[in-house]
Number of protein chains: 2
Amino acid sequence: MQVAAACEPRHDAPRASRAVPIHVMPRGAAPRHATPRCSACAMRQICMPPELTPDQLAQLDEVICSTRSIKRGEALYRAADPFQSIYAIRAGSFKTVVMHRDGREHVTGFQIAGDTLGLDGICGGKQNCDAIALEDSVVCIIPFTQLEAICREMKPMQHHIYQMMSSEIVRESSQMMLLGTMSAEQRVATFLLNLSKRFKARGFSGAEFHLRMTREEIGCFLGMKLETVSRMFSKFQRERLVQANGKTIRIEDAEGLGRV
Amino acid sequence: MQVAAACEPRHDAPRASRAVPIHVMPRGAAPRHATPRCSACAMRQICMPPELTPDQLAQLDEVICSTRSIKRGEALYRAADPFQSIYAIRAGSFKTVVMHRDGREHVTGFQIAGDTLGLDGICGGKQNCDAIALEDSVVCIIPFTQLEAICREMKPMQHHIYQMMSSEIVRESSQMMLLGTMSAEQRVATFLLNLSKRFKARGFSGAEFHLRMTREEIGCFLGMKLETVSRMFSKFQRERLVQANGKTIRIEDAEGLGRV
DNA sequence: CGCCGAATTGATCTGATTCAAGTGCGGTGG
DNA sequence: CCACCGCACTTGAATCAGATCAATTCGGCG
């Protein structure tokens, strides 16, 4: 299945790339690049604990010293790939897809800048899903063994990783509740509000944004068919809750959406 | 809602309680008891990393020094309780239930002896679900702050916690796939096979076992109504895949169940 | 300009829910 | 010891939400 996501980013909010001295340190594989440091990264508040000292940040910079660019539709990793690193999204967005042996696919999440990828690979030593870029994206590579070492020395960092993993468990619990108990209408409303909240938390507009994924991918995430997703969008539009124009979404009445 | 689980355990497989010198050390709250040590626990292979030295086990015994008994239908913890410890189930079983603000309930998992409870409470510092005993049960209390300290010193233990959390993420991903893509029939089949596998891994029979939860709870876990669960049991019975007699389940044709 | 995949919309079908009427079993009290 | 009660479970019939099938329309791109 090819990935859609035709729209270009339109936000002028925090981008990951910065005018920062680049620490050149290529490491083998082609699509890896040297990268600006955590200590200077605009996403730091989101992917790292807030209370790190400059000293500790320097330690981090030692370990998280390369990034990787992934083109739209390409995989950052695939299920069964050996697990070595987790990834922090610097720019762009991804979907994670699990596949059943019978070919059935399910999208387990959409990740945007500041989110983390790969935590599910720790167990079993290999990736458990495909992570596919929804647009051209850049991730920071965080070698897990080295991260573990850091966590043994740096309490806030240790705690932060537990927090991240626990949050992911909680997020998935909510998604299970959504899939298990909500109507199609409620699922789509919840999905839009959740996206809105996350964009807002990252300095983008929470009221108007671009979907980087197709209706089919949304449906696959929400446990329904793309036609149903489309119908719900139309319904919300009729009810003046959202303005949906292809991939551009404008939330007109967040209150109302929440009450659905 | 009252919990059912009328049947008594009938297995003579590994039980948690053992004739081991009891390290008496009451700690405040009434329903806590001193407890046999990890170093002597039959569940250790399941809830702890295998490669611990006797020395390291002794350290664990220092920290995991109390248990708690929970009667059928009672809560080990409830959503919004302050998070302090995680729990390892020594004997018995639980369900974890998340509740939406509108009162909608969803069962996120069933846990049996050897499983861990409370990992989702780490983030936000408070519990995110109710953990309700499906039968009279006993858990080991693992104070999380102390566990974190141990993990900073004990590499295998540190890794083990990451593994456990990652496994939980993977388990929930599979459950999302189940909820998002499978028919009622497939969900129930998957549920039975999964339970079977887990019982087997703990030394119980994988072919015949007792459900400790009601049809309603199963339905709430699988995203369907109790009537549908019941119908699927009847269907499998007609097809000679399982023998379902109230809460007693005998799997006649695991192969066939898997093919559903 | 024309093509192709994505999205919308309508008509129909179906698996699961809902509603309703039993059945079976364990526990209680006479 | 048995009759009765309550609760979980089963089963059938009617209904409905969402899936499926099908026909356009839209929109980005070569």
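What to note about this one:
- Within a Gaussian network of chain B (alpha carbon springs, distance under 10 Å), most fluctuating of B:Met99, B:Met224, B:Met43: B:Met99
- Among B:Arg212, B:Arg238, B:Arg37: highest mean-square fluctuation, GNM of chain B, C-alpha pairs under 10 Å: B:Arg238
- Sorted from closest to farthest, the other copies place their A:Lys197 label points 3.2 nm away, with each point set 7 Å from Cα along Cα→Cβ.
- Centre separation in Å (Cα based) which lies between region A:44-116 and region A:134-211: 11 Å
- Given charges at Cβ of Lys, Arg, Asp, Glu: chain B dipole, positive-most of B:Phe204, B:Ala58, B:Met165: B:Phe204
- Percent of Cα pairs exceeding the 19 Å cut-off, where the set is region B:155-212: 48 percent
- Its Cα centre serving as origin, the protein assembly as shown has a Cβ charge dipole (Lys and Arg +1, Asp and Glu -1) of approximately 580 debye.
- Inter-chain shielding of A:179-187 (mean C-beta neighbours from other protein chains, 10 Å cut-off): 5
- Note on region A:32-177: Rg/Rh from Cα positions, Kirkwood definition for Rh, rounded to two decimals, is 0.96.
- For residues of A:103-112, the mean tally of beta carbons on other chains within 10 Å: 3
- Given A:Lys200/B:Lys225; A:Lys235/B:Lys235; A:Lys95/B:Lys247; B:Lys126/B:Lys235; B:Lys71/B:Lys247, the pairs whose alpha carbons are separated by over 31 Å: A:Lys200/B:Lys225; A:Lys235/B:Lys235; A:Lys95/B:Lys247; B:Lys126/B:Lys235
- Kirkwood Rh, Cα atoms: Rg over Rh of region A:126-187: 1.10
- Relative contact order of chain A, defined on C-alpha pairs under 8 angstrom at six or more residues apart (%): 19 percent
- The residues of region A:75-129 present an accessible area of 32 Å² per residue when probed at 1.4 Å with all protein chains retained.
- Calculated mean residue ellipticity, 222 nm, chain B: -11500 deg cm²/dmol, from DSSP H runs (n ≥ 4) at -39500 (n - 2.57) each, averaged per residue and rounded to 500.
- Taking a ≥ b ≥ c as the square roots of the eigenvalues of the Cα gyration tensor, chain B is classed as prolate, since a/c reaches at least 1.5 and a/b is larger than b/c.
- GNM result for chain B, Cα springs below 10 Å: residue of B:Ser167, B:Ser230, B:Ser39 fluctuating most strongly: B:Ser167
- Rg followed by Dmax, in Å, when region B:218-260 is reduced to its Cα trace: 10.4, 26
- Copy-to-copy label separations for A:Ser230, where each label sits 7 Å from Cα toward Cβ, in nm and ascending: 4.0
- Pairs of Cα atoms in region B:183-259 fall into 5 Å distance bins, from 0 up to the last occupied one, in shares of 3, 17, 30, 29, 17, 4, 0 percent.
- Where Rh is the Kirkwood radius over Cα pairs, Rg/Rh for the protein assembly as shown: 0.97
- Sorted shortest first, the separations between the A:Thr53 label point and its copies elsewhere in the assembly read 3.0 nm; each point sits 7 Å from Cα along the Cα-to-Cβ line.
The values are calculated or read from the model by the stated rules, or taken from the named source; none is laboratory data. Computed from a predicted model, the values in this text were never measured in an experiment. Note that we place each Cβ from the backbone using ideal geometry, even for glycine, and neighbour counts take in every protein chain shown. Ligands, DNA and RNA are excluded from the accessible area calculation, which covers all protein heavy atoms including side chains. Shrake-Rupley method; radii C 1.70, N 1.55, O 1.52, S 1.80 Å.
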